[in-house]
Amino acid sequence: MNVTLSVDEQLLARARKKAEALGKSLNQLIRDYLQSLAGVDDPERSIAEFKRLSGKGNSRGWRFNRDEIHSRHDDARS
């Protein structure tokens, strides 16, 4: 569906620059915003976002240890 908007020229120019900096078209940026605003969940987009964010942390070799976690919790109660 096509939508016509009335927008200030300076605002439009700034929005186009922002979209370009994000590597998107202004049309895609507005579509993304409307989807976010409407609360529509796109599974493919969610997967892409998950992949983008996955593996960004650094545990510095630390591994989760359930017994250690519970031990710390019990020590805090004493």
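What follows is calculated from the coordinates using simple rules that are stated; it is not laboratory data. Given the structure is predicted, the values throughout are model-derived calculations rather than measurements. Cβ placement follows ideal geometry from the backbone for every residue including glycine, while neighbour counts extend to all protein chains displayed.
If you take every residue apart from A19 with its C-beta less than 12 Å away from the C-beta of A19, what net charge results, scoring Lys and Arg +1 and Asp and Glu -1? Could the numbers behind the result be given before it?
Numbers: positive: R14, R16, K17, K18, K24, R31; negative: E20, D32.
Charge balance in the 12 Å sphere: +4.
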About the Cα centre, and with charges only on the beta carbon of Lys, Arg (+1) and Asp, Glu (-1), how big is the dipole of the chain? Nearest 20 debye, please.
320
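Expected output is a single nm value to one decimal: the length gained when fully extending between E9 and R63, i.e. 0.36 nm times separation in residues minus the C-alpha distance. What is it? Please report the intermediate quantities before stating the final value.
Details: separation 54, 0.36 × 54 = 19.44 nm, distance 5.36 nm.
Gain in length upon complete extension: 14.1 nm.
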Listed values (i) 17, 16, 12; (ii) 35, 12, 9; (iii) 45, 15, 14, entry calculated as semi-axes √(5λ) of the Cα gyration tensor in Å:
(iii)
Sequence-distant aspartates and glutamates (8 or more away, or on other chains) whose Cα lies within less than 13 Å of K17:
E9
Ranking A13, M1, F50 by how far each Cα lies towards the positive end of the charge dipole of region 1-65 (+1 on Lys and Arg Cβ, -1 on Asp and Glu Cβ), the top one is F50
